1. Give the relative contact order (percent, whole number) for the stretch 117-212; include only Cα pairs under 8 Å separated by 6+ residues.
2. Taking θ = phi - 60°, what integer Hz values does the Karplus form 6.51 cos²θ - 1.76 cosθ + 1.60 yield along the stretch 171-187, in sequence order, with x for Gly and Pro?
3. Does a label point 7 Å from the Cα of E174, set along Cα-to-beta-carbon, have any residues of the stretch 130-146 with amide nitrogen under 11 Å, and which are they?
4. Have a look at L61, A132, I27 and report the one farthest towards the positive end of the charge dipole of the stretch 1-151, computed about the Cα centre with Cβ charges (Lys/Arg +1, Asp/Glu -1).
5. Using a Förster radius of 35 Å, what is the FRET efficiency between K121 and K56 based on their Cβ-Cβ separation? Nearest 0.05, please.
6. Distance from the Cα centre of the stretch 75-102 to that of the stretch 1-42, in angstrom?
7. For the stretch 6-23, take each phi angle, set θ = phi - 60°, evaluate the Karplus expression 6.51 cos²θ - 1.76 cosθ + 1.60, and give the result in whole Hz per residue in order, putting x for glycine and proline.
8. Starting from the amide H of V99, placed 1.01 Å from N in the peptide plane, find each other amide H under 5 Å away whose residue is 5 or more places distant or on another chain.
Amino acid sequence: MRIFINDKPLDILSTEELAPEKTFECIYDNPSDLPSYVEFHDDVLLINPSKEILQKLLYLLRTRKLKNLDSITILTEDKEKTKKYIKSRFSIVKAAGGVVIKGERVLFIKRLGKWDLPKGKFDKGETPEECAVREVEEECMVKVKLGEPIIKTWHTYTHNRKSILKKTYWFAMEIIDDSKMKPQAEEGIEDVKWLNHQEAKYALVNSYPSMRYLYKKFIKMMPKVQTS
């Protein structure tokens, strides 16, 4: 499980899931306390942290910029228990969206000055698939065909002083009709554009880490998308 907290990736892994070639600059084994935040840099590994340490870590990630930090990995003997505890520290919001293809191009939106992919929150009673199609079609004024699931992303934000953890289901989609394509202005969308792979890579520089993570997963599962 990977959660983006303040745009920093936090991975929660069991011992078996940790890639043997992965290296870390900072390692804390059964820590009794967290170091000063200025000591966190590059890739950090926490081994079997307690609930108290996890609570301090989440607060640190939410409240500090941590410019020198690339990632944090939590290695735990009880992955499900650790995931459950971390989720309990947030209010959970569910959303769904799509990576829509048209030949060798992908549909991007621009919102709040950043390139993004269309998505939105569930309406009552919706399935992830229903929500994903509806949100893509509403935000971009297009018609799409639902394809395979890609991944679920998790990222945090603050709303009305509440810490929110958004779980987003992502699906591959194909365009059916884009003849009336335009941005949904009432949702703050400024532009809708078809981008080829090279253009998408450039656009993703001005995006969110979770979107870059999603797009890499999408490219791996969609070999027909031009990647050269």
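The values are calculated or read from the model by the stated rules, or taken from the named source; none is laboratory data. All figures in this text were calculated on a predicted structure; none of them were measured in a lab. For neighbour counting, all protein chains shown are included, and Cβ atoms are generated from backbone atoms with ideal geometry for every residue, glycine included. Each accessible area value is taken on the protein alone, full model and side chains, heavy atoms only, with ligands, DNA and RNA left out. Shrake-Rupley method; radii C 1.70, N 1.55, O 1.52, S 1.80 Å.
1. Computed value for the stretch 117-212: 25 percent relative contact order.
2. Working through the residues one at a time gives 10, 6, 9, 10, 6, 9, 8, 10, 5, 10, 4, 6, x, 7, 4, 5, 9 Hz.
3. 145-146, by backbone N distance to the label point.
4. A132
5. E between K121 and K56, to the nearest 0.05, is 0.70.
6. When both Cα centres are located, 17 Å separates them.
7. 6, 6, 9, x, 10, 9, 10, 10, 8, 4, 5, 8, 6, 5, x, 7, 6, 10
8. When sequence neighbours closer than 5 places are left aside, the close amide H contacts are F171, A172, M173.
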